[in-house]
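Here is the structure we will look at, set down as structure tokens.
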């Protein structure tokens, strides 16, 4: 008797027709025969091997879990620090631009012009003060010559600084002043 069942499962060839019919009605007998088949045994063996491999992988993953959590925390801390440093970098760049702006050629020229004007006003105010002071006080013998000498010395120094600043401004305007960036 050659049926497709026996050709697919040759292990059942030794069973009689009554045994095969019993297989269909008795679940315990079916289970006993089913689990004794080589195909089923090899499937269970493969399943057991896969389960064992999965369990080994899972144990390995669990062993690495704490170090991975630590590494994740360190990575997050490093990322957060990098973000904070990036934000700080923008502030430092802004501060640097503000500091460099005070030393830019345009700003320095403006300061020179203001300082020149202020020096001129200071020397003129000192001269006016001297003239007004000299006409208000009656001359005292011997003291007037010393006051004039002191005034002339001071006024000369104020005007010398003023003219130095004017000369620098003229040189700048003529393109004779070169600013290096180093």
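The values are calculated or read from the model by the stated rules, or taken from the named source; none is laboratory data. Just so it is clear, the model here is predicted, and its values are computed rather than measured. Neighbour counts run over all protein chains shown; Cβ positions are idealised from the backbone, glycine included.
A few remarks follow.
- Residue in the range 25-45 that is on the phi < 0 side of the Ramachandran plot, within 41 Å of the chain's Cα centre (by Cα) and without any contact (Cβ under 8 Å) to a residue 12 or more places away in the chain present: no
- Hits in the range 6-35 - residues which are touching a helix residue (DSSP H, G or I) at 6+ places or on another chain (Cβ under 8 Å) and exposed (fewer than 11 other Cβ atoms within 10 Å of the Cβ): 24, 35
- Subset of the range 162-182 (residues that are surrounded by 12 or more Cβ atoms within 10 Å (Cβ to Cβ) and either farther than 22 Å from residue 133 by Cβ or without any contact (Cβ under 8 Å) to a residue 40 or more places away in the chain (or both)): 163, 164, 165, 166, 168, 169, 172, 177
Residue-wise test of (1) at pLDDT below 90; (2) surrounded by 10 or more Cβ atoms within 10 Å (Cβ to Cβ); (3) under 55 Å from the mean Cα position of the chain (by Cα).
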site	(1), (2), (3)
88	no, yes, yes
92	no, yes, yes
95	no, yes, yes
99	yes, no, yes
106	yes, no, yes
110	no, yes, yes
125	no, yes, yes
134	yes, yes, no
143	yes, yes, no
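- Any chance residue 116 is surrounded by 10 or more Cβ atoms within 10 Å (Cβ to Cβ), in contact with a helix residue (DSSP H, G or I) (Cβ under 6 Å, 6 or more places away or on another chain) and without any contact (Cβ under 8 Å) to a residue 60 or more places away in the chain: yes
- Flag if residue 52 is loosely packed, with under 11 Cβ neighbours inside 10 Å, modelled with pLDDT under 85 and out of contact with any helix residue (DSSP H, G or I) (no Cβ under 9 Å at 6 or more places or on another chain): no
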